[in-house]
Amino acid sequence: MRAEELISEYIPPIKYTESGEKALNWMNEFRVNHLAVVDGKNYIGIVSDDDIYDMKDPKNSLKSELPYLQNPFVYGDSHIYDVLKTIANAKITIVPVLNRNNEYIGCTDLLFLISQITAVSSMKEAGGVIVLEMNKHDYSLTQIARIVEENDAKILSSYVSSLTDSTNVQVTLKINSTEIDSILRTFERYDYFIKESYSEGEYFEDLKNRYDELMNYLKL
């Protein structure tokens, strides 16, 4: 699943020229602690409720009192794992999403992202990730599982998402082994298109640490 598929339709960005008071009201309305700040299509950064409490006068514009904002973001084609890492690193409740022209296209929020984690990954388990793309009519989890199991591995979790303006689907697989080269070769032999793969143990150890940090942050 990509960041652009996780964009919330309900949390708007706030203009840099708007007041801190308005930003705080929006945070209360949308139940978040951060908002993306924009100037037209340009992404400026994110503002937190703590930033606003530190303003001399919340009725002043964000631009006049907060010239330097934290600016974490992900690109629209970033994997959900990258979104998760960004949230854990920056300790934020929304993640701005940009296109490759560095224009703001939306944001994903923490609660929705958490609801997706169990659907796309088994974060507590070490393993590899394989992302396949195929026509939706060619999708067969039974066949995919057989290929994985032929290589002495198992699928821990899977997630299927439709691609915008396409008849293709993207299938994200979490495998119970970081040694996935033989699985990749088998998929290639059966003419599967491998969009991405992650097999480094260090990558997933770091990812697990980020997940644990996020869970501690949420006190779940």
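Which residue is modelled with the lowest pLDDT, if the candidates are limited to region 68-117 and must be surrounded by 17 or more Cβ atoms within 10 Å (Cβ to Cβ) and polar (S, T, N, Q)?
Only one residue fits best here, namely Q116.
A quick yes/no check of all residues on (1) in a strand (DSSP E or B); (2) buried (at least 20 other Cβ atoms within 10 Å of the Cβ); (3) more than 20 Å from the chain's Cα centre (by Cα):
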position	(1), (2), (3)
E5	no, no, no
S8	no, no, no
I11	no, yes, no
T17	no, no, yes
A23	no, yes, yes
N28	no, no, yes
V32	no, yes, no
A36	yes, yes, no
Y43	yes, yes, no
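Output the number of the condition that A126 fails; it satisfies all remaining conditions of (1) over 24 Å from I7 (Cβ atoms); (2) modelled with pLDDT of 85 or more; (3) part of a loop (DSSP other than H, G, I, E, B); (4) not aromatic (F, W, Y).
Single failed check for A126: (2).
Out of the residues in region 143-193 that are of a type in the set (G, A, S), crowded, with 16+ Cβ neighbours inside 10 Å and assigned to a loop (DSSP other than H, G, I, E, B), state the one that is farthest from the chain's Cα centre (by Cα).
Looking at the filtered set, the residue picked out is A153.
I'd like the full set of residues that are of a type in the set (S, T, N, Q) and outside any helix (DSSP H, G or I), limited to region 69-104.
Q70, N71, S78, T93, N99, N101, N102
Being without any contact (Cβ under 8 Å) to a residue 60 or more places away in the chain and among the hydrophobic types (A, V, I, L, M, F, W, C) is true for just one of I80, I87, I52. Which residue is that?
So the residue among I80, I87, I52 that is without any contact (Cβ under 8 Å) to a residue 60 or more places away in the chain and among the hydrophobic types (A, V, I, L, M, F, W, C) is I52.
The values are calculated or read from the model by the stated rules, or taken from the named source; none is laboratory data. Please read all numbers here as calculations on a predicted model, not as lab measurements. Here Cβ is always computed from backbone atoms with ideal geometry, including for glycine, and neighbour counts include all displayed protein chains.
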